[in-house]
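To start, the structure under review is shown below, and the notes come after it.
A short reminder: the numbers here are calculations on the coordinates, not readings from a lab. This one's a predicted model, so the numbers in the text were calculated from it and none came from an experiment. Cβ placement follows ideal geometry from the backbone for every residue including glycine, while neighbour counts extend to all protein chains displayed.
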Amino acid sequence: MLDIKHTICPSCSVGCGLNIVSKDGAVVGTYPYKRHPINEGKNCLNGRNSILQFDNQIENPSIVKNGELEESDYETVFKLIKDQLASIDASELAIICSGNSTNEELDRIKEFADGFGCEKIGFYGYNFPNFAVDVASYDDIAGAKTILAIGDIYRENPLLARRIVLSKENGACLINLDDVEKSITSLNADEFIQFDGHLGDKIDAVKGKLDENSIIIANKVCCKDDFALLESLAGENGAKLLPVFNAPNMKGAMNKLDSWDVEEVKNIIGDSKVLIVVKDNPFEYLSKDDIKGKAFIVNISNEDNAFAKISDVILPGKSWGEKAGTFTNCEGLEQSFDISAEIENDNLGEVEILDELA
Amino acid sequence: MAEDVKIVGFCCNWCCYGGADTAGTARMQYPPNVRIIRVMCSGRINPSMVFKAFKEGADGVFVGGCHIGDCHYDAGNYKWNRRALMTKDIIEEFGIDKERFRFEWISASEGEKFQRTMKEFHNTISQLGPRNK
Amino acid sequence: MSLLDIGDKMSEKFILAKSKANEITDSGACGGAVSSIFQYLLANEIVDGVLTLNKGVDVYDGVPRLLTSAEEVIETCGSLHCAPTMVSDLISDFLADEKIAVAVKPCDAKAINELVKRHRIDGDKIITVGLNCGGTVRPEVAQEMIEKFYNVDSSKVVKEEIDKGKFIIELDDGEEIGIKIDDLEEEGYGRRDNCQRCELKVPRNADIACGNWGSEPGWTFVEINSEKGQEIIDGAIAEGFIETKAPSQKAMEMRDKVENIMIKMGNKNVGKQLDDGLSFEEWEAQWNKCIKCFACRDVCPICWCHECELEKPYFKDDPQSPPDPLGFHGVRLSHMSPSCINCGQCDDVCPMEIPVSKIFHKLQKKYEVHTGYVAGIGDEKPPLYSPMKEDF
């Protein structure tokens, strides 16, 4: 039967609403969710395409042998993992999470790590460090006089860019800072400042332009130091800051876990004998040599990718549409969602997997 | 400057292209700015081909087909005629002067009409100048 | 049935109808005749399913829902003006093989009409139950407007209605407040822009058109537009789902008057928004925001090719810039504008707030002037597709 259900878009941290259309146990499309206050039924291509993750996913617990996935069962895979965990010290376990898990799942993972005595639990934060400053809200964008956008917000976070568009209609000035030659954001900006490598060189150029009616929106930083620069830039001028992430619950993860940069992730992997990776693809930021053969890799994800091929065991978990929970979006709003995709499969969710492993 | 204008001419195989050929064999001079693309029928041309030509930098686009009633495929030029009127309406909305788009019916024997049309069209486009994109 | 009988029946083109099942009369919008007709269709297995709107979290949240049993109908009663949905593509994409009845606004009916012409929906498998429509309001705009102009907590609204030029809300304590739509729209609120321009208020392109204009309390005014519509009404009466009576002359005049006022308003807004609309320079600024996300294409209920020309290599754009306006929107216009039904979905879903429907509707209007073709009505496709040797 045809079914249309509300959910929260998993494609970035803006937190848009999205309706999922399913028919006879399969997800077949999306439908605008016009009642949602953040995006009013508007979704970007990535958001609408997020249902593609229901295609070609790993469906069964698997053991990887010579780079090939071999279908197995929960009992065998759980036993393999438990044997590995029993053979190591608490300090030899590392857990890499991501902003793709719900708050509830992250809590459960944290609880599991605490129970095991594991302190190396965190996620790759795309150079955004854990930060204490209060973030700006989307409504702040509407009232801003000057908006400093770092990165191509228009293309990468269109529904946030929409707030900029509306604010510009009210007379706001948009300054874009980026290390690319041009982008849709730069073409729509009143002023574009290109930087090379580090933001620091160009910070002085914008300093005088910001005040308490300004807002800084950044969807990329080159390193944790650059973010510290933005924090102090905002602090000195009384401007508000809004970091935007590429995973739906990265803000939630920020609030709970350590945000690592590439060096930190590498060190942590180097010191570990067992590595549990939950709903993350480390190949987005690490090379194969950084991770292959360094530890026994438990990959909890149904994404069939190159990382799956170098893992040792795979537990698929559940896709976002198949579970209920909450995501915290980049303005700090916690939004709950229900199961939206009526898909028939009896896989264990991440929480159940950790219940079993604990 | 005017010499630099670029004109794309879509000509149907059976009539207008023949007309261009007739002009050529009779050594009738016409502006070299016209780049001819031969298509089998004007009914094969859709607005997107015209838009693509403009997108790639054409300053003027010409489409030539058989006289109404003479279509090699019976009704192709009727179909084109209907699209052509819509094409005009659309380009105007995008700030392109509708003079930059022209279509004519030219038969294979009308070398002289081909020459005259090209001269006129080149004149029009030269006066309008290159499109500043 | 003899010709004479049909003639007789067709003379009863206008009726007042009322539900006979009492539990429905209470929750349905004005009379519940529509709900009873759906119940009749499901109970007698004339259709496999009924596609209608379900109230989601509140009155601002309309979610299409497919009902498969007569008992479910009661759960979906009521009309929602703050839920600008479009159901035709749900049918063509997901329900094309099933026999369904569907509740349609005039724009839904127009989209279905265009899709039937394109063989995307089988006209024999679908029953369209039209609902008169004075326009819809974007849910977030509605809430803001209610807080601002009605001075009430928008979550207290249990029902809304557009009647006699007013947007009327009913609160949970029974209080009703109405404000003139004209006044709201002057302040930039009110109905969606495309609804303001709409000139089809009574969906005569559906099998039946229902509404409360001209009706008496408790009754639904029904206009029967097709033989299929007549059969449904006759069947629903025979099976005891609805009762009917003839409307008074005064009721008919009243309904015409309401309709004509709204059409005039639509007409005026066409002039204001399209003819005196954005200049070419303003459009350039709009196109400059385009991120080529294809939301407008994907949401368009009529645009459906399996292989889209815009995804061909020869229309690839530099991903760092907005697409060439003519090479993207121009191409879409050349494909779709003759059939644009002004449903406004493209405006609704554009992440960049580009008023896409304004240019599509404008070109449809031009096309109408050239060819006489009105999108979404009648049996013919736009003359653009005609194989005939004629000018249009």
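Values computed for the structure shown
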{"read-out": "Relative contact order (percent, whole number), chain C, Cα cutoff 8 Å, 6+ residue spacing", "value": "18"}
{"read-out": "Two-decimal ratio, the stretch A:68-174, of alpha-carbon radius of gyration to 2.2 N^0.38 Å", "value": "1.67"}
{"read-out": "Theoretical ellipticity at 222 nm over chain C - DSSP helices of four or more residues, -39500 (n - 2.57) apiece, nearest 500", "value": "-10000 deg cm²/dmol"}
{"read-out": "Relative contact order, percent, the stretch A:138-243 [alpha-carbon distance under 8 Å, six or more residues apart]", "value": "29"}
{"read-out": "Relative contact order computed over the stretch A:1-102 (Cα-Cα under 8 Å; 6+ residues apart), in percent", "value": "16"}
{"read-out": "Cα gyration tensor shape for the stretch A:138-243, rounded if a/c is under 1.5, else prolate or oblate", "value": "oblate"}
{"read-out": "Sorted by Cβ neighbour density within 10 Å, fewest at the top, the residues C:Ser357, A:Ser259", "value": "A:Ser259, C:Ser357"}
{"read-out": "Shape box of the stretch C:43-101 [Cα atoms, principal axes, largest first, Å]", "value": "31, 26, 14"}
{"read-out": "Most fluctuating residue given options A:Ile38, A:Ile20, A:Ile184, as computed from a GNM of chain A linking Cα atoms under 10 Å", "value": "A:Ile184"}
{"read-out": "Under the Debye formula (equal points on every Cα, no solvent term), log10 I(q)/I(0) of chain C at q = 0.07, 0.10, 0.11 Å⁻¹", "value": "-0.33, -0.68, -0.82"}
{"read-out": "Convex hull volume per residue in cubic angstrom - Cα atoms of the stretch A:161-304", "value": "154"}
{"read-out": "Degrees separating the helix A:158-169 axis from the principal Cα axis of chain A, which is the longest one", "value": "10"}
{"read-out": "Pairs beyond 31 Å (Cα-Cα), from A:Lys182/C:Lys365; C:Lys272/C:Lys292; A:Lys110/A:Lys266", "value": "A:Lys182/C:Lys365"}
{"read-out": "Under-5 Å amide H pairs with A:Ile150, H placed in peptide plane, nonlocal only", "value": "A:Leu177, A:Ile217, A:Ala218, A:Asn219"}
{"read-out": "Kirkwood Rh and Cα Rg combined as Rg/Rh, the stretch A:306-347", "value": "1.12"}
{"read-out": "Longest to shortest principal axis, alpha-carbon extents of the stretch C:312-365, angstrom", "value": "31, 22, 14"}
{"read-out": "Rg/Rg_ref, chain A, where Rg_ref = 2.2 N^0.38 Å and atoms are Cα", "value": "1.03"}
{"read-out": "Computed [θ] at 222 nm, helices only, for chain A once each DSSP H run of length n ≥ 4 contributes -39500 (n - 2.57)", "value": "-8500 deg cm²/dmol"}
{"read-out": "Table column - 3J(HN,Hα) (Hz), the stretch C:188-195, Karplus curve with 6.51, -1.76, 1.60, x for Gly and Pro", "value": "x, 10, x, 5, 4, 3, 5, 5"}
{"read-out": "For the stretch A:2-54: rounded, prolate or oblate by the Cα gyration tensor [a/c cutoff 1.5]", "value": "oblate"}
{"read-out": "Kirkwood Rh, Cα atoms: Rg over Rh of the protein assembly as shown", "value": "1.01"}
{"read-out": "Net dipole in debye of the stretch B:1-87 [+1 Lys, Arg Cβ; -1 Asp, Glu Cβ; about Cα centre; nearest 20]", "value": "260"}
{"read-out": "For the stretch C:25-156, size of Cβ-based charge dipole, Lys and Arg +1, Asp and Glu -1, in debye", "value": "460"}
{"read-out": "Alpha carbon centroid spacing (whole Å) that separates the stretch A:29-108 from the stretch C:296-367", "value": "36"}
{"read-out": "Cleavage-rule hits, GluC sites (Glu not before Pro), the stretch C:265-326, DSSP coil, Cβ neighbours within 10 Å at most 13", "value": "C:Glu307"}
{"read-out": "For A:Ser336, A:Ser13, C:Ser226, order by how many other beta-carbon atoms lie within 10 Å, fewest first", "value": "A:Ser336, C:Ser226, A:Ser13"}
{"read-out": "Cα centroid separation - the stretch C:212-288 against the stretch A:232-291, whole Å", "value": "56"}
{"read-out": "Computed P(r) (all Cα pairs; the stretch C:34-152; 5 Å bins; percent)", "value": "2, 12, 21, 21, 19, 12, 6, 4, 2, 1"}
